[in-house]
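Trainee: One structure, pasted below without further comment.
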Amino acid sequence: MTAFWYAINSHPNKEDALWRHIQSLGFEVFYPRLKVNPVNPRAKKIRAYFPGYMFVRVDISQVGVSTFQWMPHAKGLVSFGSEPAVVPESLIHAIHQRVQEIAAAGGEILESLHEGDTVVIDSGPFAGYEAIFNERLPGNERVKVLLKMLSNQQIPLELSAGSIRKKRTNLRR
């Protein structure tokens, strides 16, 4: 027979352990993850694109569904009735491409930023200052911002994407 992609469900916060276990058994596994900029500096800097899920490519007729049902850290394959749901190859490619696009844009932190948005610089010599997001720069997760100065002057700066965050607007009055 042929191998197909299946979605496997993990126990909460056990995706990394399940991913390593599936790899150690020699199965092809796709675990899409994104870089994030958490508020807590000790928090994870990478998180699952689909928390609790990843994809495994196997010939289910040779391996058997029970292999994944009883695997440590797994809840089993996503199934409809008693049949594991096949994930189309085109969907796997689309997810892979989207994750690469987000990574190339500087990670999830930059996904919601648009030119003209107000950001706060969190690290470096300009920490605490506000700036205007200008553009993503190609390469190593760099951005260009316009630092707000006195008398409405704006100084262009190139910073690490991880050193800025979108300014939250206070909606309460």
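The values are calculated or read from the model by the stated rules, or taken from the named source; none is laboratory data. Since we're looking at a predicted model, the values are computed, not measured. Note that each Cβ is placed from the backbone with ideal geometry, even for glycine, and that neighbours are counted across all protein chains shown. These area figures cover heavy atoms from the full protein model, side chains too; ligands, DNA and RNA do not enter into them. Shrake-Rupley method; radii C 1.70, N 1.55, O 1.52, S 1.80 Å.
Trainee: Counting only residues that are aromatic (Phe, Trp, Tyr) and either at pLDDT below 75 or open to solvent by 30 Å² or more (accessible area, probe 1.4 Å) (or both), how many does the range 107-133 have?
Mentor: Here the count works out to 2.
Trainee: So the check is Cβ under 7 Å with 6+ separation or different chains; which pairs have a first residue in the range 51-71 that's β-branched (Val, Ile, Thr) and a second one that's surrounded by 10 or more Cβ atoms within 10 Å (Cβ to Cβ) and not in a strand (DSSP E or B)?
Mentor: 56/22; 56/27; 58/3; 58/27
Trainee: Kindly indicate whether residue 3 is within 24 Å of residue 98 (Cβ to Cβ) and more than 14 Å from the chain's Cα centre (by Cα). Outline the logic, then answer.
Mentor: Numbers: within 24 Å of residue 98 (Cβ to Cβ): yes; more than 14 Å from the chain's Cα centre (by Cα): yes.
Taking the combined requirement at face value, the residue satisfies it.
Trainee: Check off (1) in contact with a helix residue (DSSP H, G or I) (Cβ under 9 Å, 6 or more places away or on another chain); (2) modelled with pLDDT of 90 or more for residue 36 and give me the number that stays unchecked.
Mentor: (2)
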